[in-house]
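Novice: Starting off with a structure, shown below.
The values are calculated or read from the model by the stated rules, or taken from the named source; none is laboratory data. Please read all numbers here as calculations on a predicted model, not as lab measurements. Glycine also receives a Cβ, built like all others from the backbone with ideal geometry; neighbour counts cover every protein chain displayed.
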């Protein structure tokens, strides 16, 4: 009976914390600590929620009273913890490709052959500038990835665990009292 209680308790904590960690993506913060803003303006929304691929890649697993979360995407850990990455030749090629992709999306006036001063063009031009700046970096230089934590310890985690434990203890207590009343 105690093993079943611990198994159920672990599962309930896993579900509650998984939902809390998922909500961090909605609020663009780690509980009450907002994620840093992007350095360059971008027309496609916040970097961490743009496609939702990173958010969907996070899975939880419980075993023997222990719970762990991981992502199938290698770059999610550097976003969660922050850090530096070295620029490679392959990254430079990607940055140039993204620059040309975003720059070609800018609408030009046929008569003046200049980019129109529209909100869309200004956003795209900002995005193109970001990719160009990254493409001009030297191979071997470092890019600092600011921490945008979404999983880990926080005082709110303790509060949530205590709430789940208390709820489960109350249910066990009620079940024991009902059993005793029936006898």
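Novice: Evaluate the range 154-164: report whether one residue or more is touching a strand residue (DSSP E or B) at 6+ places or on another chain (Cβ under 7 Å) and modelled with pLDDT of 90 or more.
Specialist: Checked against the condition, which is being touching a strand residue (DSSP E or B) at 6+ places or on another chain (Cβ under 7 Å) and modelled with pLDDT of 90 or more, the range 154-164 yields at least one hit.
Novice: Just checking, does the range 118-129 include any residue being surrounded by 11 or more Cβ atoms within 10 Å (Cβ to Cβ), under 22 Å from the mean Cα position of the chain (by Cα), farther than 30 Å from residue 2 by Cα and modelled with pLDDT of 90 or more?
Specialist: Checked the range 118-129: no residue is surrounded by 11 or more Cβ atoms within 10 Å (Cβ to Cβ), under 22 Å from the mean Cα position of the chain (by Cα), farther than 30 Å from residue 2 by Cα and modelled with pLDDT of 90 or more.
For every residue, the table says whether it meets (1) in a loop (DSSP other than H, G, I, E, B); (2) loosely packed, with under 15 Cβ neighbours inside 10 Å; (3) at pLDDT below 70.
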position: 76; (1), (2), (3): no, no, no
position: 79; (1), (2), (3): no, no, no
position: 90; (1), (2), (3): no, yes, no
position: 94; (1), (2), (3): no, yes, no
position: 97; (1), (2), (3): no, yes, no
position: 100; (1), (2), (3): no, yes, no
position: 110; (1), (2), (3): yes, yes, yes
position: 113; (1), (2), (3): yes, yes, yes
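Novice: Could you please tell me which pairs satisfy a Cβ distance under 9 Å, a separation of 6+ or placement on different chains, a first residue in the range 156-173 that is over 21 Å from residue 1 (Cα atoms), and a second residue that is at pLDDT below 95 and surrounded by 12 or more Cβ atoms within 10 Å (Cβ to Cβ)?
Specialist: Pairs that qualify, where the first residue is over 21 Å from residue 1 (Cα atoms) and the partner is at pLDDT below 95 and surrounded by 12 or more Cβ atoms within 10 Å (Cβ to Cβ), are 156/31; 157/31.
Novice: I would also like to ask the following. Run down 104, 63 and say which single residue is loosely packed, with under 13 Cβ neighbours inside 10 Å, closer than 30 Å to residue 119 by Cβ and free of Cβ contacts under 8 Å to residues at least 40 places away in the same chain.
Specialist: 104
Novice: What's the number of the condition residue 39 fails, among (1) surrounded by 12 or more Cβ atoms within 10 Å (Cβ to Cβ); (2) more than 30 Å from residue 173 (Cα to Cα); (3) in contact (Cβ under 8 Å) with a residue 40 or more places away in the chain; (4) within 21 Å of the chain's Cα centre (by Cα)?
Specialist: Only one criterion is unmet by residue 39, namely (1).
Novice: Okay, moving on. Does residue 133 satisfy being over 24 Å from the mean Cα position of the chain (by Cα) and either exposed (fewer than 14 other Cβ atoms within 10 Å of the Cβ) or within 23 Å of residue 56 (Cα to Cα) (or both)?
Specialist: Answer is yes for this residue.
Novice: Name the residue that is nearest to residue 52 (Cα to Cα), counting only residues in the range 138-148 that are at pLDDT below 95 and either in contact with a helix residue (DSSP H, G or I) (Cβ under 7 Å, 6 or more places away or on another chain) or crowded, with 16+ Cβ neighbours inside 10 Å (or both).
Specialist: If we take residues in the range 138-148 being at pLDDT below 95 and either in contact with a helix residue (DSSP H, G or I) (Cβ under 7 Å, 6 or more places away or on another chain) or crowded, with 16+ Cβ neighbours inside 10 Å (or both), then 148 is nearest to residue 52 (Cα to Cα).
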